[in-house]
Amino acid sequence: MDNRVHDDEAVSLRKQKEALPLYVTRIKVYPRAVAGQWRRIKWAVLVLLLGIYYLVPWIRWDRGPDAPSQAILIDLDGRRGWFFDTVIWPQEVYFVTGLLILAAFGLFLATSLFGRVWCGFTCPQTVWTDLFMWVERLIEGDRNERMRMDRQPMSVAKAARKTLKHAAWLVIAAATGGAWVFYYVDAPTTLMKIFRGEASAEVYAFVGLFTATTYVLAGWAREQVCTYMCPWPRFQAAMLDEQSLIVTYQKWRGEKRGKHKAGDGWEGRGDCVDCNLCVAVCPTGIDIRDGQQIECIGCSLCVDACTQTMDKVGRPRGLIRWDTLANQQAMEESKGSAEARWRPVRPRTVLYAALLLVVAAVFLTAFALRTNAELTVQRDRSPNFVRLSNGEIRNAYTVKILNKQRQETRYRLALSGLPQATLGIVAAGNEGGATDLVVHPDTVGTFRVFVTVPAAAAPAGAKSITLDIRDAGGQARASHDAVFVGPARRGETP
Amino acid sequence: MPTKIEKDTLSGRDTTGHEWDGVKELNTPLPTWWVYTFYATIVFAAVYCFLYPSWPWLNGHLEGSLGYSSRVELTQALEAQAKSRAVYVDRIRTTPLAQIAKEPELLNFAMAGGRSAFQTNCMQCHGAGGAGSPGFPNLVDDDWIWGGSLDQIYTTIRHGIRNADDKSRQSMMPRFGADGMLTGAQVAAVTDYVLSLSGKAKATPEGAKIYQEQCVACHGAEGKGNQELGAPNLADGLWLYGGDRDSVYRSIFYARNGSMPAWSGRLDEATMKMLAIYVHALGGGR
């Protein structure tokens, strides 16, 4: 854009439009391959995480004939979450909330300790982008080759390579979208149905959706997701401080940078030989030597790149390395004589760790105390109580029993806190005075329960009572507090 | 028109060329993907306007090529719901009441359906919980005027009480005072006698004598009433029109003879059955 207008003379609309770029186009990043310690770690993490993601739905778990045999299954139709031997009911969705809170505090702690380690190593965007870049490199070659090819006019060879690349990307994307669906439906049967064209429209829609997002985000959008779309880079600054480990360029050591010929001395200059390798390998296309930037995802590939160069020119490694801002400043001020220190124990990290532990403790306690029966009791408020023709006072309750066991269970209902009270139950076929409540496996049983006391024993006003249930084997028990209301005065009507 | 585009020395960016009293604005472009997303929303809006009801018109509105309307959707949803319930509704219709109460699945369905029908049709008089109000019987206690068995409740719902239905429950208590059959003093005496049945007053021999002459035929020697005739139990201390002396006096002097509509013309067979099941389970069922 050299033709910008800097004066008052009349210019054509077209020229003005050229002069006023309202939209920036993306400058494509061509990251170069690099080998090294961090790259190896990143590959290992990638294989581990993708392995978990793709394979977990295929773990089988025998739960008998009436239950899904998939170890981890979120059954939205049946409204159950199956996690190995644990079955989560919709009303226990707070366990998921607990997991999310745990994940959030874990992320806060990791960030205050190690900066953007989540972004650089484990974020799905990073992992899939890494995978897509690997495929791209395999088909189109490394940075220079790709750049050269993109500059060339379209040819059969170029078209063939591009087509191959996008086809490979789409296959991976489809596998990713497919794997997502398998967490919600039985994996083996659904896979067959997908290929036979028998799966439901929802299945195809979600496979399509996640295929599209994977393809677009990992193939095309890449670093733009981190820079523009993701909110996390913008508020993680609240978790980082000068003691957090981040990827840094050791400016005190590197400057003044410049090209270096073999045989030249190192006096009066910095260790940075300006090879630009750190820029070439960067997946977000930034220069780490400019200092902390919002685009930096802490992937450490520039560390590997610089290590290569330092080894080549025979200078000590670590010109670009994980370090704290405090160290950087100390080194800068002392011209390199300060001792590198790292304080992982800081009020901030202690707070995050404490919160993490508290939430984990609450979560585990709640999980350990989880029962396989739950009881809720709701008292009829209209009317508050009923006077029967023989003078007895009666309250009615709606009792719900969640039977989380996988067999039909007979619960015995008992009442405490009200002497001389008798229980009556409206249940199918219950004409006698039975106080057993039968609930089908894995369902909620609803019953109407009457509590009756003789007029003389009726409390004046409200009285706390407790209803409890237990099954024959004592496997399941639960209790619920309730209230029995009697007439406040003799002869009062409800 | 923007005319003076300058390079800002601090940020190194161009200005937009606008200037307001010396204040200039940096030109900060939007990311391309954002712009295209914005275009996509415009396209979406245009397509939406074409497919769905959108623009108001002088005499109506643009209906959209899909012919969608929320009323049609409601009708379809209601039809779909009726269809999904049809299995149970058919079974309720063909199963005898006593049998429904024995089958957990049907009982559950009938309780839910009965509750919903009760809240729509019955609660206006009998109260949301069935506790009734003066003049409208309490359905949760065990005091029944026309009987509290499943079949009796069903019959009462179906044909109602003292209405024009051929089979409605009929009975008539004489207006003892208003029609001059008893004097005021006599009514007072029999009031005391009636109240004495539940221990609330002292009976006089005169009251007892009038009761034996006038009331025993329907209400029984001990005042226990007669459900065949819809004659209430007078001895249980539960009163439909109030149990204080004045109310009972008025009941005898003027008679009450409350009525209830027949529901057979308004509700279908299955709904009436579900109502009977529900009311029976409210607490008083026999």
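Protein heavy-atom surface of segment A:74-180, 1.4 angstrom probe: 72% of the accessible area is carbon and sulfur, with nucleic acids and ligands not counted. Only one residue of A:ASN327, A:GLN250, A:CYS275 has its Cα farthest out toward the positive end of the dipole of segment A:241-334, where Lys and Arg carry +1 and Asp and Glu -1 on Cβ, and that residue is A:CYS275. Projecting the alpha carbon convex hull of segment B:47-170 along each direction and taking the average yields 13.2 nm². For the Cα atoms of chain A, what angle does the longest principal axis make with the long axis of helix A:37-55, in degrees from 0 to 90, nearest 10? Relative to chain A, helix A:37-55 is tipped by roughly 30 degrees.
Magnitude of the charge dipole for the protein assembly as shown, about its Cα centre and with charges confined to Cβ atoms of Lys, Arg (+1) and Asp, Glu (-1), is about 1600 debye.
Dipole magnitude for segment A:241-334: computed about the Cα centre from +1 point charges on Lys and Arg Cβ and -1 point charges on Asp and Glu Cβ, it is near 460 debye. Shape class for segment B:184-254: rounded, because the ratio a/c of the largest to smallest gyration tensor axis (alpha-carbon atoms, square roots of eigenvalues) is under 1.5. The GluC sites (Glu not before Pro) of segment A:367-414 that DSSP puts in a loop, and whose beta carbon has at most 15 other beta carbons within 10 Å, are A:GLU408. Taking a span of 30 Å or more along the helix axis (Cα atoms) and a mean Kyte-Doolittle hydropathy of at least -1.0 as the rule, the DSSP H helices of chain B that qualify are B:70-94. Ranking A:THR435, A:ILE469, A:ASN384 by Cα position along the charge dipole of segment A:373-486, where only Lys, Arg, Asp and Glu carry charges on their C-beta atoms, puts A:ASN384 farthest toward the positive end. Pairs over the 26 Å Cα-Cα cut-off, from the set A:LYS256/A:LYS312; A:LYS42/A:LYS256; A:LYS28/B:LYS24; B:LYS83/B:LYS273; A:LYS193/B:LYS83: A:LYS42/A:LYS256; A:LYS28/B:LYS24; A:LYS193/B:LYS83. The rule of thumb for compact globular proteins, 2.2 N^0.38 Å, goes into the C-alpha radius of gyration of the protein assembly as shown 1.48 times.
Remark: relative contact order (chain A) = 13 percent; criterion is Cα-Cα distance under 8 angstrom and separation of 6 or more residues. Across segment B:132-142, computed HN-Hα scalar couplings (Karplus, 6.51 cos²θ - 1.76 cosθ + 1.60, θ = phi - 60°) run x, 7, x, x, 10, x, 6, 9, 9, 8, 9 Hz from first to last residue, x flagging Gly and Pro. Per-residue packing, averaged as other Cβ atoms within 10 Å, sorts the ranges A:182-194, A:39-51 into the order A:182-194, A:39-51, beginning with the highest. For segment B:1-140, a simple Cβ point-charge model (Lys and Arg +1, Asp and Glu -1, everything else neutral) yields a dipole of about 720 debye relative to the Cα centre. Toward the positive end of the charge dipole of the protein assembly as shown, with +1 on the Cβ of Lys and Arg and -1 on the Cβ of Asp and Glu, the farthest Cα among B:PHE253, A:LEU217, B:ALA82 is that of A:LEU217.
For B:ASN226, nonlocal amide neighbours, meaning residues 5 or more places apart or on other chains whose placed amide H falls under 5 Å from its own, are B:ALA231.
When cysteine pairs in chain A are screened for C-beta atoms closer than 4.7 angstrom, the residues that find no partner are A:CYS119, A:CYS123, A:CYS226, A:CYS230, A:CYS272, A:CYS275, A:CYS282, A:CYS296, A:CYS299, A:CYS306.
Relative to the dominant Cα principal axis of chain A, helix A:201-214 is inclined by about 30°. Once the Kirkwood radius over Cα pairs is known for segment B:1-57, the Stokes-Einstein relation at 20 °C and 1.002 mPa s delivers a diffusion coefficient of 147 µm²/s.
The values are calculated or read from the model by the stated rules, or taken from the named source; none is laboratory data. Note that the coordinates shown come from a computational prediction; the quantities given were computed from them, not determined experimentally. Neighbour counts are summed over all protein chains in view; Cβ atoms, including those assigned to glycine, are modelled from backbone coordinates with ideal geometry. Surface accessibility is based on the protein's heavy atoms, side chains included, excluding ligands, DNA and RNA. Shrake-Rupley method; radii C 1.70, N 1.55, O 1.52, S 1.80 Å.
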